[in-house]
Amino acid sequence: MESAFPSIGILGGGQLGKMMAAEAVRMSVSPKLLSPKDAGPMRPYAEAQVGDWTDPDVLRPFVADCDVVTVESEWAPAEAAADVLPDDAALWPSPATLSLIKDKGVQKQHLADAGCPVPSFVRCPTADAALEAADTLGYPVVLKQYRGAYDGYGNATVDSPDALREAWPGLAAEDGLLVEAFANFDRELAVQVARRPGGEQVVYPVVYTEQRNHRCHAVEVPAAIDDAVAARARRVAQKAVEAVEGVGLIAVELFEMPDGEILVNELAPRPHNTGHYSIEGCYTSQFENHVRAILDWPLGSPALHQPVAVMVNVLGRREGTPPRTAGLSRALDVEGAAVHVYGKPDVRPGRKMGHVTALGERRANVRKRAEMAASAIEL
Ligand SMILES: Nc1ncnc2c1ncn2[C@@H]1O[C@H](COP(=O)(O)OP(=O)(O)OP(=O)(O)O)[C@@H](O)[C@H]1O
Ligand SMILES: [Mg+2]
């Protein structure tokens with residue numbers, strides 16, 4: 001049925017899909033979500049379905065009435081969706097962009113070839129090749145799985161040939177691993193870029209991302225860094241996004257080196273945990289600009305409307321089913337704390353279950369309020 005309002009199909013039903021869909025709804029863009037498993041976050045939406053998303057007979061009816069199809073993750077079956085896409089519909093980011101990103105080896109090589117600064121790396125098919133590469137790069141080195149890794153699960157930092165030999169069999173796929181020089185960075189930064197199909201783009205402020213146990217714990221915006229370093233980070237991020245011809249919201253993870261140099265760690269071709277602060281913090285959130293960009297609509301301002309925003313993740317603390325609202329009322333009591341609970345039906349220690357954002361004038365105070373609210377929520 002023809003509708004006055006566009007429809008977007010989201011491949012994925014986790015928190016990123018949920019938050020994209022929420023922004024779409026606000027502009028009367030109808031979201032549909034398809035997930036291979038019964039994902040809790042998508043459940044509030046009427047048009048959320050569970051199905052084998054690699055099956056053309058599932059994908060075809062799903063995309064049939066979509067104006068645009070998008071993905072919540074680089075591993076969603078974009079090629080399969082492209083094969084059954086109606087002629088007048090679009091798919092962003094393009095399968096070509098996704099295939100440059102979803103394999104970390106391909107991605108690093110492509111960024112390096114495009115002249116983007118990245119840590120030194122070698123793609124190693126065997127443990128012997130990795131030992132040789134580590135010898136050249138110098139220990140420690142970071143071993144990275146090419147595909148399917150997230151939240152640091154597919155990485156290992158090794159500081160000797162013995163440690164490398166030991167880590168190899170548990171991590172390596174048939175085509176081996178990416179071996180990277182360890183970057184002795186001062187800080188981890190990230191920059192979100194929203195880009196329309198024609199290339200028009202907006203760049204978000206540089207964020208400082210604080211990792212704990214290889215996972216993002218908190219994000220502070222703007223990062224308390226030199227103006228020149230911030231300008232460089234934004235330039236490098238834009239260059240990386242252009243190198244993969246990204247469309248939609250693309251997040252660029254960066255390392256700030258002691259000499260002020262900026263290295264690209266990796267790209268995420270979608271809204272990203274380090275951009276969640278933008279929902280309350282910016283005039284236009286990363287999710288809204290993602291929806292606008294894939295529809296080829298004018299982009300909104302990415303500027304902060306208060307001097308500081310801090311986001312703190314709410315991680316799972318137990319195994320099993322999350323308790324209903326443990327600590328929620330205490331979190332909601334914290335002044336100005338925006339509480340997001342993703343609705344995942346099961347919890348694991350360290351799993352991302354929600355986040356809190358606080359805004360204000362003074363960094364330390366904003367940070368304190370965000371931490372207080374996030375730690376009150378016991379899931
Ligand atoms: N070359 C490196 N030198 C030093 N630290 C690194 C390097 N590569 C990765 N790290 C550290 O490991 C973390 C996770 O690495 P990476 O981003 O490659 O993994 P991931 O599993 O894709 O993570 P995520 O899902 O959190 O983005 C980085 O945020 C950084 O803290
Ligand atoms: Mg990463």
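The values are calculated or read from the model by the stated rules, or taken from the named source; none is laboratory data. It should be emphasised that the depicted structure is a prediction, and the values quoted were computed from it without experimental measurement. Glycine gets a Cβ as well: all are built from the backbone with ideal geometry, and neighbour counts include every protein chain shown.
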Tally, over region 141-181, of residues that are buried (at least 17 other Cβ atoms within 10 Å of the Cβ), in a loop (DSSP other than H, G, I, E, B) and not aliphatic (A, V, I, L, M): 3
Among the candidates VAL118, VAL84, VAL122, VAL142, residue that is away from ligand 2 (no atom under 16 Å from the Cβ) and over 30 Å from CYS66 (Cα atoms): VAL122
Selection from region 99-139 of residues that are touching a Pro at 6+ places or on another chain (Cβ under 6 Å) and within 27 Å of HIS290 (Cβ to Cβ): ILE101
Yes/no for ARG324 being more than 20 Å from the chain's Cα centre (by Cα) and touching a residue at least 12 places away in the same chain (Cβ under 8 Å): no
Residue within region 218-241 that is surrounded by fewer than 18 Cβ atoms within 10 Å (Cβ to Cβ), among the charged types (D, E, K, R), outside any helix (DSSP H, G or I) and under 19 Å from the mean Cα position of the chain (by Cα) present: no
Selection from region 253-281 of residues that are assigned to a strand (DSSP E or B) and either more than 10 Å from ligand 2 (Cβ to nearest atom) or not assigned by TED's automatic domain parsing to the domain that holds ALA370 (or both): LEU254, PHE255, GLU256, ILE262, LEU263, VAL264
Spans of strands (runs of 3 or more DSSP E) in region 3-76 with at least 3 residues buried (at least 18 other Cβ atoms within 10 Å of the Cβ) and not polar (S, T, N, Q): 7-11, 30-35, 68-71
Which numbered condition GLN211 fails, given (1) out of contact with any helix residue (DSSP H, G or I) (no Cβ under 7 Å at 6 or more places or on another chain); (2) outside any strand (DSSP E or B): (2)
Residue list for region 85-103, restricted to those being surrounded by 17 or more Cβ atoms within 10 Å (Cβ to Cβ) and either outside any helix (DSSP H, G or I) or modelled with pLDDT under 95 (or both): LEU85, ALA89, ALA90, LEU91, TRP92, PRO93, SER94, LYS102, ASP103
Residues of region 104-140 satisfying the condition of being among the β-branched types (Val, Ile, Thr), part of a loop (DSSP other than H, G, I, E, B) and away from ligand 1 (no atom under 14 Å from the Cβ): THR126
Region 148-160 residues that are at pLDDT below 85, paired with ones that are within 14 Å of ligand 2 (Cβ to nearest atom) and assigned to a strand (DSSP E or B) (beta carbon under 6 Å, 6 or more apart): ASP151/ARG215
Any chance THR284 is more than 29 Å from ALA133 (Cα to Cα) and away from ligand 2 (no atom under 16 Å from the Cβ): yes
Residue in region 153-175 that is of a type in the set (Gly, Ala, Ser) and closer than 25 Å to GLN238 by Cβ present: no
Considering residues of region 284-328 that are among the polar types (S, T, N, Q) and modelled with pLDDT under 95 only, the residue nearest to ALA370 (Cα to Cα): THR325
Any hit, region 285-294, residues being out of contact with any Asp or Glu (no Cβ under 7 Å at 6 or more places or on another chain) and acidic (Asp, Glu): no
